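Since the structure comes first, as structure tokens, the remarks are kept for the end.
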Amino acid sequence: MDESRQYLPSLLMALFAAILPHVPVLPSWVIAWCALNWGYILFCVSRSRPLPGRPARIGLAVLGILGLLVTYHTRIDSSAYISLLAVMSAIKPFEVSTHRDRMVTLFLAYFIVIAGVLENDSLFMIFYMFASVLITTAVLIRINDPGRGLRVHFRTGATIMGQALPVMLVLFFLFPRLDGSLVGITRSDTGVTGFSGELSPGSVSGLVEDDRLAFRVEFDGDIPGFRDQYWRGITFARFDGKAWHRQRMPASFEAPPGGSGEAAGYRVILEPHRSRWLFLLDYPESIPDDSTLYEDFTALSDDPIHRTRRYNAVSRLRGHTGSTPFPGSDFISLPGSGNPKSRALAARFLELRPEPEQVAEAILGYFKDQDFLYTLRPPRAGSHPVDDFLFESRQGYCEHYASAFAFLMRAAGIPARVVGGYLGGELNPYGNYLIVRQSHAHAWVEVWSPEKGWFRVDPTLAVAPGRAEGGLEGALSPEEFLGMTQRYLRPFSSFISQVRFGLDAFSMQWEARFMSYSYEHQREILDRIGIGYTRRSGAVKLLGAGVVLVFLLFFGYLAFQLRSKAKKPDTVKKFYLVFLEKLARAGISRDCGIGPLDFAKEAARRRPDLADSIREITDLYINLRYSADPGEDTFYRFRDAVKSFDPQRKSA
């Protein structure tokens, strides 16, 4: 078998470790492509079969490129870039006959590891990247020094990474940072948010079991009560008979009116998602500079959110906006037909109670009195979904209640719209901040009146008042909630929660201290020490400091290496001296000037019963001392032979 094939399993191990965290963003055919090619390589190695020749490799390369073109067309983002690297990594191991080819394959693994930050910069991903780099580095050492064992390669790789860590930290904090991507590659849309531009039955209830993080919130003062934790994200103003749709609103160039309500300042750490929506408490008064506030009191970032976004905001905690002009006929419009029973019900409510607040109270009373059920599993609606919900099933989740309530208000001629966002959050006791997950997604309604402007109505609370205090556990039936949270883990829920909170607090500090370190933070640090980007003298100082730092690190490294070598214990000599001490206690001492071989002959002559052990230990010692390649296990054999050597015990 070709000697170069001995490296293939190690190379595939490094490539597999590098590709593994990218599996969620890779197309299915790319995953299968890697698995089939690597599996065939291992099959050929195990059966000593020849690998495909040059024409076959060229054909595979062309096939892989065509597959990428069909999948991505002209789109260039992080997913396309990682897929290209994965396709290359599946083919490159077919040609590793030369040392250069093996090195190129390993450099490809390093590129794939680095590409991980394009998709995920979480604390877990950073730790995994270090582990993957360690594996790849160990394989790199094995290729260049195959005479030693894998354990030695990993130990050497860990030592190299430890020595590089100080340089890495210096470069992280001081190397000039750039805003945006260096090569124009953006992160693919792998993030999710609880809402799209359409709200239909099932669009919110389907998120209840999604425990992924949506955002975290730190407050300047006390954390508001649960009933004030309505996180506005998007409004739905157009109803087509089955679903509600977002309607583009004009920008608002004035802050929302002040007045009553406590002002709350807070910082949101928003996870990347597929849109520009920012989530703010009702009702926002101050938003980030690089965003726009609209007349429906929602805010959009100027750019899509591809990375974790931190922003400050101030909101007025109250249930209404204050007096605003009539919003227009768009907010009372309904399809020309459909849901006749609901229209008739709204007319009766309006006839009995003509004011908007009174009509809203009547509808909420209807929900309370007619035995409506708050559930994740409502029956499927027919051609008249609002009628089916109000008069037939009477079962639904928050989007069902919000949709029916807004429909009834509009049917009564009162402006109404549906708001999508999140309700509540989990208090992390280790950091005193809120954790809002996708499972906290919620929908409620806003109704307009001349006195209050837009005021909030949450129809869900009429049916499941526990939703406002105990979250989902206080609103859903025990069977649904236990099924949702995996009842077999219920006895350990308290312990699991504490562990999750601890990990989340640590992760938040990591993101705040390291992952959010930007160009502005670096410029602020440099300005404090008198080195600024904007001053010519600052650039000279920065360059001089960099040169001095490089020299200090270089000479510090040399001094450390020389000192460590000088102090490094000679373990081979140590065990040979133990061997001599054991013989001396048996009455066989070595005189100065006698070499190991002559002494071994003399000792064997005086103790024929130990001759074999003496010769074995001496041969191993000479091999370790003077051989260029003593072998992987020679030292361990020498050490074990010395430990088991006992001249005091006479052999039979």
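The values are calculated or read from the model by the stated rules, or taken from the named source; none is laboratory data. Small disclaimer: the values here were computed from a predicted structure and weren't measured. FYI the Cβ positions are ideal-geometry reconstructions off the backbone, even for glycines, and counts take in every protein chain you see.
Only one of the listed residues (PHE560, PHE575) is aromatic (Phe, Trp, Tyr), within 58 Å of the chain's Cα centre (by Cα) and either at pLDDT 90 or above or closer than 18 Å to SER644 by Cβ (or both). That residue is PHE575. Between a residue in region 491-515 that is not assigned by TED's automatic domain parsing to the domain that holds VAL268 and any residue that is at pLDDT below 80 and not in a helix (DSSP H, G or I), which pairs come within a Cβ distance under 7 Å, given they are 6 or more apart or on different chains? Pairs found: SER507/SER122; MET515/ASP121.
Residues in region 293-304: is at least one among the aromatic types (Phe, Trp, Tyr) and closer than 24 Å to ALA237 by Cβ? Checked region 293-304: at least one residue is among the aromatic types (Phe, Trp, Tyr) and closer than 24 Å to ALA237 by Cβ. Look at VAL62 and say whether it is out of contact with any Cys (no Cβ under 6 Å at 6 or more places or on another chain) and either closer than 30 Å to ARG307 by Cβ or in a helix (DSSP H, G or I) (or both). Spelling it out, VAL62 is indeed out of contact with any Cys (no Cβ under 6 Å at 6 or more places or on another chain) and either closer than 30 Å to ARG307 by Cβ or in a helix (DSSP H, G or I) (or both). Among the residues making up region 385-417, those that are over 42 Å from the mean Cα position of the chain (by Cα), outside any helix (DSSP H, G or I) and at negative phi are ALA412, ILE414. Quick check, is LEU11 buried (at least 18 other Cβ atoms within 10 Å of the Cβ) and outside any helix (DSSP H, G or I)? So LEU11 does not fit the description; no.
Mind listing just one residue for me: the one in region 232-283 that is at pLDDT below 90 and hydroxyl-bearing (Ser, Thr, Tyr) and, of those, surrounded by the most Cβ atoms within 10 Å (Cβ to Cβ)? Across region 232-283, the extreme among qualifying residues is TYR283. Evaluated against (1) within 23 Å of LYS242 (Cβ to Cβ); (2) more than 36 Å from the chain's Cα centre (by Cα); (3) surrounded by 19 or more Cβ atoms within 10 Å (Cβ to Cβ); (4) among the β-branched types (Val, Ile, Thr), THR375 falls short on exactly one condition, (2).
Scan region 19-67 for residues that are within 20 Å of THR105 (Cβ to Cβ), surrounded by 14 or more Cβ atoms within 10 Å (Cβ to Cβ) and not hydrophobic (A, V, I, L, M, F, W, C) and jot them down. The answer is PRO21, HIS22, ASN37, TYR40, PRO52, ARG57, GLY64. Can LEU472 be described as modelled with pLDDT under 80, under 26 Å from LEU408 (Cβ atoms) and part of a loop (DSSP other than H, G, I, E, B)? No; evaluated as a whole, the condition is false for this residue.
Regarding ILE363, is this residue in a helix (DSSP H, G or I), among the β-branched types (Val, Ile, Thr) and within 21 Å of VAL447 (Cβ to Cβ)?
yes
Please work out if ILE76 is more than 20 Å from ILE135 (Cα to Cα) and at pLDDT 90 or above. No: the conditions fail for ILE76.
Checked against the criterion of being buried (at least 24 other Cβ atoms within 10 Å of the Cβ), modelled with pLDDT of 90 or more and under 30 Å from PHE495 (Cα atoms), the candidates VAL419, VAL445, VAL436 yield just one match: VAL436.
Just wondering, is there one or more residues in region 35-53 that are in a helix (DSSP H, G or I), within 26 Å of ASP145 (Cα to Cα) and within 31 Å of the chain's Cα centre (by Cα)? Checking region 35-53: at least one residue is in a helix (DSSP H, G or I), within 26 Å of ASP145 (Cα to Cα) and within 31 Å of the chain's Cα centre (by Cα).
Out of curiosity, is GLY338 buried (at least 16 other Cβ atoms within 10 Å of the Cβ), modelled with pLDDT under 90 and under 45 Å from the mean Cα position of the chain (by Cα)? So GLY338 fails the test.
Answer yes or no: is there a residue in region 65-80 that is β-branched (Val, Ile, Thr) and outside any helix (DSSP H, G or I). Taking every residue of region 65-80 in turn, at least one turns out to be β-branched (Val, Ile, Thr) and outside any helix (DSSP H, G or I). Does TYR626 meet the test of being free of Cβ contacts under 8 Å to residues at least 40 places away in the same chain, aromatic (Phe, Trp, Tyr) and either closer than 30 Å to LEU150 by Cα or in the same structural domain as ARG151 (by TED's automatic domain parsing) (or both)? Criteria met by TYR626. Just to be sure before I move on: is PRO327 under 22 Å from SER403 (Cβ atoms) and either under 30 Å from the mean Cα position of the chain (by Cα) or assigned to a loop (DSSP other than H, G, I, E, B) (or both) in the structure I sent? It is true that PRO327 is under 22 Å from SER403 (Cβ atoms) and either under 30 Å from the mean Cα position of the chain (by Cα) or assigned to a loop (DSSP other than H, G, I, E, B) (or both).
Filtering region 607-623 to residues that are surrounded by fewer than 17 Cβ atoms within 10 Å (Cβ to Cβ) and in contact (Cβ under 8 Å) with a residue 40 or more places away in the chain leaves only ASP609.
Among residues of region 136-149 that are more than 19 Å from TYR110 (Cα to Cα), those with a Cβ under 9 angstrom from a residue that is surrounded by fewer than 23 Cβ atoms within 10 Å (Cβ to Cβ) and of a type in the set (Phe, Trp, Tyr), sequence gap 6+ or separate chain, pair up as PRO146/TYR7. Tallying residues that are more than 16 Å from ALA86 (Cβ to Cβ) and surrounded by 14 or more Cβ atoms within 10 Å (Cβ to Cβ) within region 131-152 yields 12. State whether the residues of region 580-589 include one that is of a type in the set (Lys, Arg), crowded, with 17+ Cβ neighbours inside 10 Å and more than 60 Å from the chain's Cα centre (by Cα). No - not one qualifying residue is present in region 580-589.
Within the option set VAL104, VAL70, VAL87, VAL96, being farther than 30 Å from LEU503 by Cβ, more than 25 Å from the chain's Cα centre (by Cα), hydrophobic (A, V, I, L, M, F, W, C) and crowded, with 21+ Cβ neighbours inside 10 Å holds for one residue only, VAL96.
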